[in-house]
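What follows is a set of notes on a single structure, which appears directly below.
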Amino acid sequence: MEHDNIIAQEGYPFVVFSLVVTVFVAFLGIGWLTLLSAFITFFIVWFFRNPERSFQEEEKVLISPADGKVIKIEDVEINGTISGRFKKISIFMNVFNVHVNRAAYSGKIEAINYHEGKFFSANLDKASLDNERNEVMIRNEDGRPVWMVQIAGLIARRIVCWVNVGETIRKGERFGLIRFGSRVDVYLPEDSMISVKLGDKVKAGQTLLGYLS
C-alpha cells in the first residue's frame, strides 16, 4: 500500500495535539509560550514530512532506503534470522532527516522479523544487534535477498512497518518509518558493487547505493 500523504499518517495525532495546545495558549495570551508551541508544531510537521521522490530506473540499481549519513560500509557474515555473507551499509538518520523508509529494490517481501531490544544511540555499532529493530527481506527476481533493517535509536521508540509478507514491492516504494532519530542497515549480496562511501549524505528513494551483479 502506498502512503503518499504530504505528512505521514502516524504524525497526524502529534500535529493535531500540538495545534490544539498552540491555540489554547494563544487564547490565554501567553506570548512566549505561544511562540514556543508554534515552533514545536512546525518541527513535528517537518519531522513527519513525506515528500515525493523520483529516480532514474535502471536494472540492477540499488537505491537508498533512508535519508541520512552513511556511517559504516563493511563485509559481514552473520547467522540468525539474517544469515549469510553480505555487504552491509549503515545509514544514520538524525531528527532533521525525512524518516519515511523506501524499498532499496523491487521484489517480493519474503520475511519480516521484529525484535524487541534496547535503545542505544543508533550510530553505535552495537545498535545493529542490541537495539529494537525490524528486518524486512525482499527477494528479487533472480532469487537473491536484500535486507533492510529499521533500527530504533536513543530517542526513537516506535518502528512502523506498512508492508506484509507475500506482498510485492516496487523499488522506491514507501514501506515504513521510524519516529525521532534512528538508523537503517542494508544487507546486500556480497558480490554487489557499492557506489557510496563513508560520510556520504543519501536520500531515500533517490540516491544510488550501488548495483547488483
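The values are calculated or read from the model by the stated rules, or taken from the named source; none is laboratory data. What you see is a predicted model, and the numbers here were worked out from it, not measured in a lab. As a convention, Cβ positions derive from the backbone with ideal geometry for all residues, glycine included, and neighbour counts pool all protein chains shown.
Observations on the structure shown:
- Exactly one residue out of Ile30, Ile7 is surrounded by fewer than 18 Cβ atoms within 10 Å (Cβ to Cβ) and either of a type in the set (D, E, K, R) or free of Cβ contacts under 8 Å to residues at least 12 places away in the same chain (or both): that is Ile30.
- Tyr114 satisfies every condition listed in (1) loosely packed, with under 15 Cβ neighbours inside 10 Å; (2) part of a loop (DSSP other than H, G, I, E, B) except (2).
- Number of residues in segment 195-213 that are in a strand (DSSP E or B) and within 19 Å of the chain's Cα centre (by Cα): the value is 5.
- Subset of segment 141-161 [at negative phi, outside any strand (DSSP E or B) and surrounded by fewer than 19 Cβ atoms within 10 Å (Cβ to Cβ)]: Glu141, Asp142, Arg144, Leu154, Ile155, Arg157, Arg158
- Condition check for Lys118: touching a helix residue (DSSP H, G or I) at 6+ places or on another chain (Cβ under 6 Å), in the same structural domain as Ile82 (by TED's automatic domain parsing) and more than 19 Å from Asp67 (Cβ to Cβ): yes
- Extreme residue, surrounded by the fewest Cβ atoms within 10 Å (Cβ to Cβ), among residues of segment 117-140 that are touching a residue at least 24 places away in the same chain (Cβ under 8 Å) and under 16 Å from Ile73 (Cα atoms): Asp125
- Scanning segment 165-202 for residues that are closer than 14 Å to Phe55 by Cα, surrounded by fewer than 20 Cβ atoms within 10 Å (Cβ to Cβ) and at pLDDT 95 or above yields nothing.
- Of all residues making up segment 1-53, the number that are polar (S, T, N, Q) and under 17 Å from the mean Cα position of the chain (by Cα): 3
Condition check ((1) of a type in the set (A, V, I, L, M, F, W, C); (2) closer than 22 Å to Phe175 by Cβ) across all residues:
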| position | (1), (2) |
| --- | --- |
| Thr41 | no, no |
| Glu52 | no, yes |
| Ile78 | yes, yes |
| Lys88 | no, yes |
| Gly107 | no, yes |
| Asp130 | no, no |
| Arg133 | no, yes |
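- From the options Val149, Val163, residue that is over 20 Å from Leu209 (Cα atoms) and either touching a residue at least 60 places away in the same chain (Cβ under 8 Å) or charged (D, E, K, R) (or both): Val163
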